[in-house]
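Readers should treat all values here as calculations from the given coordinates under stated rules, not as data from a laboratory. Just so it is clear, the model here is predicted, and its values are computed rather than measured. Because the Cβ atoms are built from the backbone with ideal geometry, glycine has one as well, and the counts that use them run over all protein chains shown.
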2 protein chains.
Amino acid sequence: MSETDAPSAQPTLVGGIDLGGTKIEAIVTDAEHHVLGSARHPTPTEGGPADVANAMAAALTEAAKAASVEPSQLRGVGVGSPGVVDAAAGTVSHADNLPGWSASFPLAAALKSALGTKVALGNDVGVATAAEFELGAGRPYHSLLGVFWGTGIGGGLILDSKPWHGRGGAGEIGHMVIREGGRRCPCGRRGCLEAYAGRAAMEARARRLHDRGVKTRLFELAQEHDRDRLTSGIWERALEHGDRLATKLIDRAVDALGTGIASAVNLLDVEAVVIGGGLGVRFGEPYRARIVAAMLPHLFNDSRPPAVLLAALGDLGGAYGATLLID
Amino acid sequence: MSETDAPSAQPTLVGGIDLGGTKIEAIVTDAEHHVLGSARHPTPTEGGPADVANAMAAALTEAAKAASVEPSQLRGVGVGSPGVVDAAAGTVSHADNLPGWSASFPLAAALKSALGTKVALGNDVGVATAAEFELGAGRPYHSLLGVFWGTGIGGGLILDSKPWHGRGGAGEIGHMVIREGGRRCPCGRRGCLEAYAGRAAMEARARRLHDRGVKTRLFELAQEHDRDRLTSGIWERALEHGDRLATKLIDRAVDALGTGIASAVNLLDVEAVVIGGGLGVRFGEPYRARIVAAMLPHLFNDSRPPAVLLAALGDLGGAYGATLLID
């Protein structure tokens, strides 16, 4: 191959897929990280991993079409996945929010076969943190903690300008204990941050209290908007309606986030904290400021708190981060 | 200078001083980290930083004498100091356990003038962690959390085989919150790990309960052994006597340590945890095992807990670590 062939022989476009519990976001970007095409598909709620992989391939194919390119012409496709990701093996296991996906499934191979290009896997929260570090709110910093406030509470770390994964399982800020012997967490343990601030835990608590006769419009609002879960939008509407239970649960979540993030900062003294996730992105600035206020009483070095910023890439952070998996 | 002069022109012996709230440990080591001389002096409880510096110089001079060397012949002297250490400026401030030492004091310059060799400063917990990593229990690992269970609860981090200091204040595991709105910590905040497990906090609580009529032999034992504080040895004796209050407070401390360390591990997924400090070293193996048992219910990846080890360098870890500050 001569040097003059190189530009056409080395494709510059890459794909990124963010696999979420409710939706699949796919994008195609150029070398400057501009989005040339995108697609959003619902995540299958029935079937198994192969069905999810098919839906992912369909979303990516649609995004590629919008970018006027075949998937096979992409330099590669990165995937941010929930569950336990083995990037080297190309497998995902224990993706408990996805249908029938507890055993290990060869996701990279399935997608490579469907798309005709190389596929790289990463942890969803890890790639979203990397995206904020490389392209988003974290760009000015060398160390940051990403906090993704959604169904659960995910955490990602950049230390010394590099992702920190520990032995592969780092970042579980949602399972830092903020109250020994406290509320039961969806993980089965007690007192975790996620037990107070995760959307799934808040929904379970709202339902229990509602069943016991506590008044709330949360479930009516979900029905009116044809949701079978309390989405971030439903929580927002309930707060706008002044719903007392929703307000109380979200206030508690903000306090818990402040405590947990402050504990993490006391341990790591990072330069910046970036707050994303479905609830984090939707609630935006007023809640960022409230979380900072809830952190301050627990910060050991309270004269110089870290910068606390909203995720700049919003809902697309995961898909952007997935594209960064392709060199 | 010819090459043959090099061995005598480049001294290989170094000094290390661990400045503690109650004692000053000084050692002189050779290039293989063997201790050739050591000395232990009490930390002055009156006067000011200059008096402490004089006591440090005296201890190091005695250690050098035992090693048959003049302090000025050492390649340098490292110091592990409490308080806020500015290594570049050679100053220490906010050393609140030392007499009259809140403002910044030029400790490196004072010692250099007294000893006639270069002086390097480091944070006491940081150097003790580095010592366990380089020479002690942490040698087989690339990432570790040092937990120093003493008057307070200090923490040190080695990540990717390098110390992690964040913006200079990392490692405050003692001020991770284990119980929102919980007990008042000596730092003034609420619910910190140190509020439950630090020796100073436990002594304050024991005294309050004793004043309210709760029976305990803790303070009698301290008097009998001529201590004005509840030292690690006094706590150990009280436990041996089956003292109920001491047992209850130490049990609570072990639970708190398990919770706090598990939270840190959930965030960082380090390979190893090394437990040192006055109480950690004195209580030894049975308490190491108890702390592990207290961690397990809170570990997110409980199928593969980190190695949890006792500090191998014992009381000398801080002084060893100080010698490592000299290249």
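Some points to look at:
- Other residues with beta-carbon under 10 Å from the beta-carbon of B:THR12 carry, at +1 per Lys or Arg and -1 per Asp or Glu, a net charge of -1.
- Over all other residues within a Cβ to Cβ distance under 10 Å of B:THR151, the charged ones net out to 0, with Lys and Arg as +1 and Asp and Glu as -1.
- The range B:152-169 residues near the modelled A:HIS142 label - backbone nitrogen below 19 Å, point 7 Å along Cα→Cβ: B:157-169
- Entry note, the range B:140-311: relative contact order of 24 percent, from Cα contacts under 8 Å with a spacing of 6+ residues.
- Residues B:THR45 and B:HIS241, FRET efficiency given R0 of 22 Å [Cβ-Cβ distance, rounded to 0.05]: 0.20
- The order of B:LEU159, A:LEU267, going from fewest to most other C-beta atoms within 10 Å of their C-beta, is B:LEU159, A:LEU267.
- Ranked by how many other Cβ atoms sit within 10 Å of their own Cβ, fewest first, the residues B:PHE300, B:PHE219 fall in the order B:PHE219, B:PHE300.
- Helical mean residue ellipticity (222 nm; -39500 (n - 2.57) per DSSP H run of 4+; nearest 500) of chain A: -11500 deg cm²/dmol
- Long-range amide H partners of B:LEU98 with built H, under 5 Å: none
- Shape call, the range B:30-81: gyration tensor on alpha carbons, a/c limit 1.5: prolate
- Counting only other chain Cβ atoms within 10 Å of each residue's Cβ, the peptide A:266-279 averages 4.
- Test item: A:188-195 mean partner chain Cβ contacts at 10 Å: 3
- Whether the range A:225-289 is rounded, prolate or oblate, judged on the alpha carbon gyration tensor where a/c under 1.5 counts as rounded: prolate
- Antiparallel DSSP beta bridges within chain A, percent to nearest 5: 60
- Highest mean first, the peptides A:200-211, A:244-255 sorted by other C-beta atoms within 10 Å per residue fall in the order A:244-255, A:200-211.
- For the range B:89-177, the convex hull drawn through the C-alpha positions has a volume of 136 cubic angstrom per residue.
- Within 10 Å of the Cβ of each residue in B:162-174, the mean number of Cβ atoms contributed by other protein chains is 6.
- Across q = 0.08 Å⁻¹, chain B modelled as identical point scatterers on its alpha-carbon atoms has Debye log10 I(q)/I(0) values of -0.37, in the order of the q list.
- For A:GLY146, residues with placed amide H under 5 Å, excluding near neighbours: A:GLY156, A:LEU157, A:ILE158, A:VAL274
- Euclidean distance between Cα centres, the range B:119-165 to the range A:174-243, Å: 40
- Relative contact order, percent, the range B:44-136 [alpha-carbon distance under 8 Å, six or more residues apart]: 34
- Cα long-axis angle, helix A:49-66 against chain A (0 to 90 degrees, to the nearest 10): 70
- Inter-probe distance in nm under a simple model that places probes 7 Å from Cα toward Cβ, at A:LYS248 and B:ARG212: 2.9
- Around A:CYS192: net Lys/Arg minus Asp/Glu count, Cβ-Cβ under 15 Å: +3
- The 3J(HN,Hα) values that the Karplus relation (6.51, -1.76, 1.60; θ = phi - 60°) gives for the range B:95-108 are, in residue order, 8, 6, 7, 10, x, x, 10, 9, 6, 6, 10, x, 5, 4 Hz. Gly and Pro appear as x.
- Placing R0 at 51 angstrom, the Cβ-Cβ distance between B:ASN97 and A:ALA103 gives a FRET efficiency of 0.40 after rounding to 0.05.
- Coupling constants for the range A:258-275 follow from the phi torsions by the Karplus curve (6.51 cos²θ - 1.76 cosθ + 1.60, θ = phi - 60°), and in residue order they are x, 5, x, 5, 4, 4, 5, 5, 4, 6, 10, 6, 6, 6, 8, 10, 10, 9 Hz; glycine and proline get x.
- Ranked for footprinting exposure by Cβ neighbours inside 10 Å, fewest first, A:GLU285, A:GLU70, A:GLU172, A:GLU236 give A:GLU285, A:GLU70, A:GLU236, A:GLU172.
- In the protein assembly as shown, lysine pairs closer than 20 Å at Cα, eight or more apart or cross-chain: 9
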